[in-house]
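Undergrad: My structure is below; once you've seen it, I'll send some questions.
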Amino acid sequence: MRRVPEHLRLMIVAGEASGDAHAAALVDALRALAPNTQFFGATGPLLRAANVESIVRSDDLAILGLLEIGRALPKFWRAYKLLKQAALERKPDAVILVDWPDFNLKLARALHRRGLKVIYYISPQLWAWRSYRARSLARNVDLLLSILPFEQQWYAERGIEDVEYVGHPLAGEVKVRYDRGEFCRRLKLDPWLPIISLLPGSRRKEVERILPPMLEAAALISVRRPDVQFVIVVAPSRTSEEVRNIVRAQRATPEPLPSCLHIVCDQSREALAASDAAAIASGTATLEAALLETPLVVVYKESTINWQTLGRLITVDHYGLVNLVAQERVATELMQDDLNGERLAEELMSLLDPKRNEAMRARLREVADELGAGGASERAAKAVLKWL
């Protein structure tokens, strides 16, 4: 690689919790190669912990759905104007946009037109829906860094050549701090009995819609298998009190909840690694489960209006990232009306069967191999500096 410039100023914009994590890892990798680099932009908690100057707090914009977005439009507009103004005044060597396509593609258009260099990391999932936006990428992005193995060819078929596949940033990085035995000791679980983890998502509306059918499934399973232990995993962007409120409301229903039901924070990977099976809201956590070889069911539930409008735009055969990487239905997907307590209970119970459990673990190992051996953040950092 050519000699790294002594001083770089980079703007970085990340929105969702997963984007914030990937962006923070990229910042660390860039600083390792170019220690004097200065960063500013739209930050979540992890980017702020990495000492990136915050022009906009993107975690204040973490919302979901058409109605929610409609109400928050003034917030988004203020954030857009603040970032655009900061970029034009400070003139960074490049603007690095991380995921968050609905916001970042608009920002890319505005900044690229004014002569700024734009790099897009975690390329938008245009192959899944709204593929027409590839034209906007071609016009307004100078370098596209993709993380899924099939993306480079997809973009090439649409005339976008400045694409570099760097591998998935989770590959080689999903590690646990302690094993099943220690996890069970901390939660007072029996390591010899089955454990099912429930991951209802990272957004408030996701948790409100997805956790209730998860709890219904847990109640049904506990009737048939009283030995099963359940763990609700709280995402970093949510609080245990939000989850407890939903659990309290569920206790008022006719189906009694399992006696062994624990709520945990900051232990998502440890919970997944310790689990015999998991129900996981569609998103990055499904790949974490694959990398930890945890058999899973992919679930999701939207508001009716969002599902009927946005859902129709989805053009792929699978929703879950783990299935998209495998290019086949490795994990069962229960979306929208298919997500109910009875269906989810049946699928989770089937994953407790030793033969099916081991068969899925073997297939998940193959999915993990397809994601690469690790080092994506370092490769992305080198690609950025080489291009600059």
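Undergrad: Quick one: which residue in Y121, Y132 is among the aromatic types (F, W, Y) and either at pLDDT below 85 or at positive phi (or both)? First the steps, then the outcome.
TA: Numbers: Y121 fails: either at pLDDT below 85 or at positive phi (or both).
Answer to the check: Y132.
Undergrad: Follow-up. Of all residues in segment 351-378, how many are touching a helix residue (DSSP H, G or I) at 6+ places or on another chain (Cβ under 8 Å), closer than 15 Å to I196 by Cα and either modelled with pLDDT under 95 or not in a helix (DSSP H, G or I) (or both)?
TA: Qualifying residue count for the region: 0.
Undergrad: Oh, and also: In segment 110-133, what count of residues is obtained for those that are touching a helix residue (DSSP H, G or I) at 6+ places or on another chain (Cβ under 7 Å) and assigned to a helix (DSSP H, G or I)?
TA: 4
Undergrad: Read through the list (1) modelled with pLDDT of 95 or more; (2) farther than 17 Å from N140 by Cα; (3) surrounded by fewer than 17 Cβ atoms within 10 Å (Cβ to Cβ), then give the number of the only condition that E68 fails.
TA: (1)
Undergrad: Looking at the structure I just gave you, is P149 crowded, with 17+ Cβ neighbours inside 10 Å and in a loop (DSSP other than H, G, I, E, B)?
TA: Working: crowded, with 17+ Cβ neighbours inside 10 Å: no; in a loop (DSSP other than H, G, I, E, B): yes.
In short, no.
Undergrad: Follow-up. Could you list all residues from segment 80-109 that are in contact with a helix residue (DSSP H, G or I) (Cβ under 6 Å, 6 or more places away or on another chain) and at pLDDT below 95?
TA: Listed by number, the residues that qualify are D99, W100, L105.
Undergrad: Within segment 35-47, identify whether any single residue is modelled with pLDDT of 95 or more, part of a helix (DSSP H, G or I) and under 30 Å from Y300 (Cβ atoms), and answer yes or no.
TA: Within segment 35-47, one or more residues are modelled with pLDDT of 95 or more, part of a helix (DSSP H, G or I) and under 30 Å from Y300 (Cβ atoms).
Undergrad: On to the next question. Within segment 156-190, track down each residue that is of a type outside the set (D, E, K, R), part of a loop (DSSP other than H, G, I, E, B) and closer than 30 Å to Y132 by Cα. Lay out the reasoning, then the answer.
TA: To start, the set of residues in segment 156-190 that are of a type outside the set (D, E, K, R) comprises 156, 159-160, 163, 165-172, 174, 176, 178, 181, 183-184, 187, 189.
Now restrict to residues that are part of a loop (DSSP other than H, G, I, E, B): 159-160, 166-172, 174, 176, 178, 189.
If the condition is that a residue be of a type outside the set (D, E, K, R), part of a loop (DSSP other than H, G, I, E, B) and closer than 30 Å to Y132 by Cα, then G159, I160, V166, G167, H168, P169, L170, A171 are the ones that fit.
Undergrad: When you scan segment 271-281, do you find a residue that is under 20 Å from P354 (Cα atoms) and touching a Cys at 6+ places or on another chain (Cβ under 9 Å), even just one?
TA: So far as segment 271-281 goes, yes, one or more of its residues are under 20 Å from P354 (Cα atoms) and touching a Cys at 6+ places or on another chain (Cβ under 9 Å).
Here's the yes/no breakdown for (1) modelled with pLDDT of 95 or more; (2) in contact with a Lys or Arg (Cβ under 7 Å, 6 or more places away or on another chain):
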{"site": "A252", "(1), (2)": "no, no"}
{"site": "E255", "(1), (2)": "no, no"}
{"site": "S268", "(1), (2)": "yes, no"}
{"site": "L272", "(1), (2)": "yes, no"}
{"site": "V297", "(1), (2)": "yes, no"}
{"site": "H318", "(1), (2)": "no, yes"}
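Here's the yes/no breakdown for (1) of a type outside the set (G, A, S); (2) surrounded by fewer than 20 Cβ atoms within 10 Å (Cβ to Cβ); (3) in contact (Cβ under 8 Å) with a residue 24 or more places away in the chain:
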site: I232; (1), (2), (3): yes, no, yes
site: V243; (1), (2), (3): yes, no, yes
site: C260; (1), (2), (3): yes, yes, yes
site: Q267; (1), (2), (3): yes, no, yes
site: L287; (1), (2), (3): yes, no, yes
site: S303; (1), (2), (3): no, yes, yes
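Undergrad: How many residues does segment 299-316 contain that are among the β-branched types (V, I, T), at pLDDT 65 or above and within 28 Å of L272 (Cα to Cα)?
TA: So in segment 299-316, the residues among the β-branched types (V, I, T) come out as 299, 304-305, 309, 314-316.
In the following step, the residues that additionally are at pLDDT 65 or above were identified as 299, 304-305.
Now drop any that are not within 28 Å of L272 (Cα to Cα), which leaves 299.
Of the residues in that region, 1 qualify.
Undergrad: Does any residue in segment 160-173 that is under 17 Å from L143 (Cβ atoms) come within less than 6 Å, Cβ to Cβ, of a residue that is among the charged types (D, E, K, R) and at pLDDT 90 or above six or more places away or on a different chain, and which pairs are these?
TA: Filtered contacts from segment 160-173: V166/R379.
Undergrad: Checking the condition closer than 19 Å to G283 by Cα, basic (K, R) and out of contact with any Ser or Thr (no Cβ under 6 Å at 6 or more places or on another chain), which residue from R158, R139, R130 passes? Step through it out loud before you land on a result.
TA: Values: R158 fails: closer than 19 Å to G283 by Cα; R139 fails: closer than 19 Å to G283 by Cα.
Of R158, R139, R130, the one residue that is closer than 19 Å to G283 by Cα, basic (K, R) and out of contact with any Ser or Thr (no Cβ under 6 Å at 6 or more places or on another chain) is R130.
Undergrad: Applying the selection to segment 1-13, what residues are at pLDDT 95 or above and either buried (at least 22 other Cβ atoms within 10 Å of the Cβ) or not hydrophobic (A, V, I, L, M, F, W, C) (or both)?
TA: Kept after step one, since they are at pLDDT 95 or above, are these residues of segment 1-13: 8-13.
Residues satisfying the conditions are R9, L10, M11, I12, V13.
Undergrad: Checking A219 against (1) of a type in the set (G, A, S); (2) within 30 Å of L148 (Cβ to Cβ); (3) in contact with a Gly (Cβ under 8 Å, 6 or more places away or on another chain), which test does it fail?
TA: (2)
Undergrad: Sticking with this one: Taking R225, is it assigned by TED's automatic domain parsing to the domain that holds E302, more than 17 Å from A274 (Cβ to Cβ) and more than 18 Å from the chain's Cα centre (by Cα)?
TA: Numbers: assigned by TED's automatic domain parsing to the domain that holds E302: yes; more than 17 Å from A274 (Cβ to Cβ): yes; more than 18 Å from the chain's Cα centre (by Cα): yes.
Here the answer is yes, as R225 does meet what is asked.
Undergrad: Please go through segment 314-349 and give me each residue that is exposed (fewer than 15 other Cβ atoms within 10 Å of the Cβ) and of a type in the set (S, T, Y), ordered by number.
TA: T315
The values are calculated or read from the model by the stated rules, or taken from the named source; none is laboratory data. Just so it is clear, the structure is predicted and the values come from calculations on it, not from any experiment. When we count neighbours, we look across all protein chains shown, and the Cβ atoms used for this are built from the backbone with ideal geometry, even at glycine.
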